[in-house]
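The block underneath contains the structure these notes are about, expressed in structure tokens.
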Protein chains: 6
Amino acid sequence: MKLSARNVMPGKVVSVTKGATTAHVKIEVAAGFVVTASITNEAAEALGLEVGKAATAIVKASDVIVGVD
Amino acid sequence: MKLSARNVMPGKVVSVTKGATTAHVKIEVAAGFVVTASITNEAAEALGLEVGKAATAIVKASDVIVGVD
Amino acid sequence: MKLSARNVMPGKVVSVTKGATTAHVKIEVAAGFVVTASITNEAAEALGLEVGKAATAIVKASDVIVGVD
Amino acid sequence: MKLSARNVMPGKVVSVTKGATTAHVKIEVAAGFVVTASITNEAAEALGLEVGKAATAIVKASDVIVGVD
Amino acid sequence: MKLSARNVMPGKVVSVTKGATTAHVKIEVAAGFVVTASITNEAAEALGLEVGKAATAIVKASDVIVGVD
Amino acid sequence: MKLSARNVMPGKVVSVTKGATTAHVKIEVAAGFVVTASITNEAAEALGLEVGKAATAIVKASDVIVGVD
């Protein structure tokens with residue numbers, strides 16, 4: 001499936017931390033470059049996320065804030 | 001300022017496209033790795049965004065979707 | 001691709017309105033049930049969105065607000 | 001109250017799952033069509049959400065991603 | 001309607017700027033305290049937003065980032 | 001750091017509630033005016049958030065919904 005989201009970053013899962021209802025998933029999308037996602041436990045299970053698995057981090061352009069020093 | 005947002009990606013502006021009220025800004029955060037942000041024109045001007053300027057792309061973990069093939 | 005987003009609603013494009021940088025796309029996901037998306041023009045073009053085309057509206061659970069009367 | 005959010009989907013609560021701080025609420029907005037919301041426990045309690053109660057799922061157009069196969 | 005969104009800030013519209021598809025609306029929610037919203041033109045028109053009109057700014061807790069110096 | 005987010009509200013932390021993975025933080029940004037943020041526990045710890053500490057609530061304009069009665 002092609003997505004309208006402008007930021008599609010394929011990588012590999014480096015950690016999955018499940019809470020009571022919400023899981024945090026870290027995906028390494030480039031060497032030393034890790035993206036953190038907060039998703040439902042239900043989703044983490046449905047996708048079978050586990051360390052080492054290939055996964056893609058997806059972000060809509062309207063969810064990106066820009067900062068300058 | 002330190003931010004709660006888990007994804008803070010410093011880089012360099014590679015393009016700024018202004019529309020009537022909304023601007024699209026592309027920031028290269030690693031070699032060949034570009035993040036697109038959709039922000040207000042007002043913000044683009046307030047930050048003085050222009051090609052070559054250092055800028056940081058910031059994304060909350062709850063705004064990241066995970067995909068698997 | 002399977003997505004962590006809990007709301008994946010396949011349907012058909014019923015309108016595409018492009019602005020200067022932002023496009024509004026309406027997708028009928030059930031009879032008489034239309035979802036409106038605001039995406040970048042760039043995305044609308046990359047996906048080749050046009051009236052009648054099959055398309056899916058995708059929403060993260062954390063982006064849904066609940067209201068009661 | 002009328003809302004700027006373009007997607008306002010009235011329905012009925014079909015499940016409420018509370019975690020430590022975050023609750024997941026499923027609302028059936030059309031026959032067989034269920035929307036999942038992730039909200040604070042505090043909100044779930046303030047709204048008195050429970051199975052069978054009328055409730056509305058609300059989504060901003062800028063939070064909808066579009067996909068095509 | 002009661003909303004799950006934890007931040008509901010009633011105020012008064014102090015400006016409406018329409019673009020090609022997207023409008024920016026500023027709402028003064030306390031003396032000298034202005035919140036900016038980016039919404040669709042369609043929504044701005046449907047709500048009849050204009051300077052001086054009472055309006056409420058609504059934000060989900062999951063869309064708030066926290067910063068510290 | 002200057003941010004593209006149009007809503008930057010400095011204040012003081014009035015409560016921090018940690019769950020299994022997600023924390024809720026309340027920041028008083030004006031007298032009697034409290035903003036609630038839902039962030040990761042990891043972020044709450046990294047920022048050292050605690051009652052009485054100065055903190056800023058940050059919201060993108062595209063995450064603000066407008067309501068009228």
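The values are calculated or read from the model by the stated rules, or taken from the named source; none is laboratory data. Keep in mind that this is a model prediction, so the values were computed, not measured. Glycine gets a Cβ as well: all are built from the backbone with ideal geometry, and neighbour counts include every protein chain shown. These accessible areas exclude ligands, DNA and RNA; they are computed on the full protein's heavy atoms, side chains included. Shrake-Rupley method; radii C 1.70, N 1.55, O 1.52, S 1.80 Å.
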Exercise for the section: Output yes when any residue across the stretch B:37-55 is under 9 Å from the mean Cα position of the chain (by Cα), within 11 Å of chain C (Cβ to nearest Cβ) and open to solvent by 10 Å² or more (accessible area, probe 1.4 Å), and no when none is. Expected result: yes
Problem - Residues within the stretch A:19-36 that are assigned to a loop (DSSP other than H, G, I, E, B), out of contact with any His (no Cβ under 9 Å at 6 or more places or on another chain) and within 14 Å of chain F (Cβ to nearest Cβ), tallied - result: 2
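Does B:Lys18 qualify as being more than 12 Å from the chain's Cα centre (by Cα) and among the basic types (Lys, Arg)?
yes
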Fill in the blank from the handout: Scanning the stretch C:37-59 for residues that are among the hydrophobic types (A, V, I, L, M, F, W, C), touching a Ser or Thr at 6+ places or on another chain (Cβ under 6 Å) and assigned to a strand (DSSP E or B) gives C:Ile39
Completion exercise
Restricting attention to the stretch F:22-36, the residues that are in contact with a Lys or Arg (Cβ under 9 Å, 6 or more places away or on another chain) and open to solvent by less than 10 Å² (accessible area, probe 1.4 Å) number exactly 3
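Out of the stretch A:44-55, which residues are on the phi < 0 side of the Ramachandran plot and in contact (Cβ under 8 Å) with a residue 40 or more places away in the chain?
Once the filter is applied, which keeps residues that are on the phi < 0 side of the Ramachandran plot and in contact (Cβ under 8 Å) with a residue 40 or more places away in the chain, the stretch A:44-55 yields A:Lys53, A:Ala54, A:Ala55.
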Practice task
Of all residues in the stretch E:56-69, count the ones that are without any contact (Cβ under 8 Å) to a residue 24 or more places away in the chain and open to solvent by less than 30 Å² (accessible area, probe 1.4 Å).
Solution key: 6
Practice task
Would you mention how many residues in the stretch E:27-57 are under 24 Å from C:Ala23 (Cβ atoms) and not polar (S, T, N, Q)?
Solution key: 9
Fill in the blank from the handout: The lone condition B:Ala5 fails out of (1) hydrophobic (A, V, I, L, M, F, W, C); (2) open to solvent by 10 Å² or more (accessible area, probe 1.4 Å); (3) part of a loop (DSSP other than H, G, I, E, B) is (2)
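Determine if the stretch B:56-65 includes at least one residue that is under 25 Å from A:Thr40 (Cβ atoms) and more than 7 Å from every other protein chain (Cβ to nearest Cβ).
First, the residues of the stretch B:56-65 that are under 25 Å from A:Thr40 (Cβ atoms): B:57-65.
Now restrict to residues that are more than 7 Å from every other protein chain (Cβ to nearest Cβ): none.
Among the residues of the stretch B:56-65, not one is under 25 Å from A:Thr40 (Cβ atoms) and more than 7 Å from every other protein chain (Cβ to nearest Cβ), which makes the answer no.
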Problem - Options D:Glu28, D:Glu50, D:Glu45: the member that is at pLDDT 95 or above, under 16 Å from E:Ala5 (Cα atoms) and of a type in the set (Asp, Glu) - result: D:Glu45
